[in-house]
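Here's the structure, in structure tokens; my notes come after.
Throughout, read-outs are computed from the coordinates displayed, never taken from laboratory work. What you see is a predicted model, and the numbers here were worked out from it, not measured in a lab. Don't worry about glycine lacking a Cβ; one is built from the backbone with ideal geometry, like all the others, and counts go over all protein chains shown.
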Amino acid sequence: MALITCNFFSETLGLSTSMTVILPQQTMTQIGLNNFSSSRKLHPTLYLLHGLSDDDTIWMRRTSIERYVAELGLAVVMPNVHQSFYTDMEYGNKYWTFLTEELPAVARSFFPLSDAREDNFVAGLSMGGYGAFKWALRHPDRFAAAGSLSGALDMAQHIKNPPMPYMKPYFRLIYGEKDITGTDDDLLHVCAQQAMFDTPKPALYQCCGTEDFLYEDNISFRDACRKAGYPLTFEEGPGSHEWGYWDTHIQHFLRWLPLV
């Protein structure tokens, strides 16, 4: 595998930013790792999103994601979006536009990444789980599958009653004073809307520990999917909001992925 730290300028954000990228590499003599890269010119790609207190390096630092994808021939793109909740902020930068429009175009201009729907996936933890499901559900034509690990999935309720009170000022910067219930930033609403359309739908994988402070968020989203008839793989069990859980369950997600 090749590990690349990529610093670049974002026209959308008007500033320099970064992404960490893993690219497949076929090796025959590397000890302790079975690397695979197909003969295809363009790699299938996982966009892997970070949580509230993290950046684009965190998945490399806290998990063995490089080792887990080595045998899959899967490229991984990990962008930096600060504490934006993957949203065009009311008082700040347009991180949703950056993530969904500029980032894939820039990444594909730098690296040999496929733009085919069946080759593209997105996942994230906590804040990144929200971003991953929002991206896949609002752009179902772009992704074959998406995953949320301990995601902050009921943001309409979070804004009204933040599980961490210090987040109130952040939510005002991101969403202003508006109620996002029933909008495109409300995943329960978006899920119900997408379920109504007779079009290809990204497969969804969701997991959360039963001791996680976001567990009720995840139950709310699971129940919304079931009510709407949206297909969802849901996994729960002992676990809290911590990297041991995410390191284990990113492996579950990768085994679940519908890789071609």
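Odds and ends about this structure:
- Cα gyration tensor, the stretch 190-260 - rounded (a/c under 1.5), prolate or oblate: oblate
- Total formal charge among the other residues, if their Cβ is under 12 angstrom from that of SER114, Lys/Arg +1 and Asp/Glu -1: +2
- Protection proxy ranking, peptides 157-168, 142-153, 194-205, 56-67, average beta carbon neighbours within 10 Å, highest first: 142-153, 56-67, 194-205, 157-168
- Modelled FRET efficiency - R0 25 Å, THR97 with GLU177, Cβ distances, 0.05 increments: 0.70
- Gyration tensor (alpha-carbon) shape descriptor, the stretch 70-115, a/c threshold 1.5: prolate
- Under 25 Å from the Cα of LYS201 - lysines, other chains or at least 8 residues apart: LYS134, LYS227
- Between GLN25 and ALA2, PHE36, the built amide H atoms are under 5 Å apart, and every one of these is 5 or more places off in sequence or on another chain.
- Sorting the Cα pairs of the chain by distance into bins of 10 Å, from 0 upward, gives 7, 32, 38, 20, 3, 0 percent per bin.
- The calculated 222 nm mean residue ellipticity attributable to helices in the chain amounts to -9000 deg cm²/dmol, summing -39500 (n - 2.57) over DSSP H runs of n ≥ 4 and dividing by all residues.
- Size of the stretch 131-260: Rg and Dmax of its alpha carbons, in Å, are 14.7, 44.
- One Cα centroid belongs to the stretch 23-37, the other to the stretch 232-255; the line between them spans 26 Å.
- A Stokes-Einstein calculation at 4 °C with viscosity 1.567 mPa s, built on the Kirkwood radius of the stretch 42-150 over Cα pairs, returns a diffusion coefficient of 93 µm²/s.
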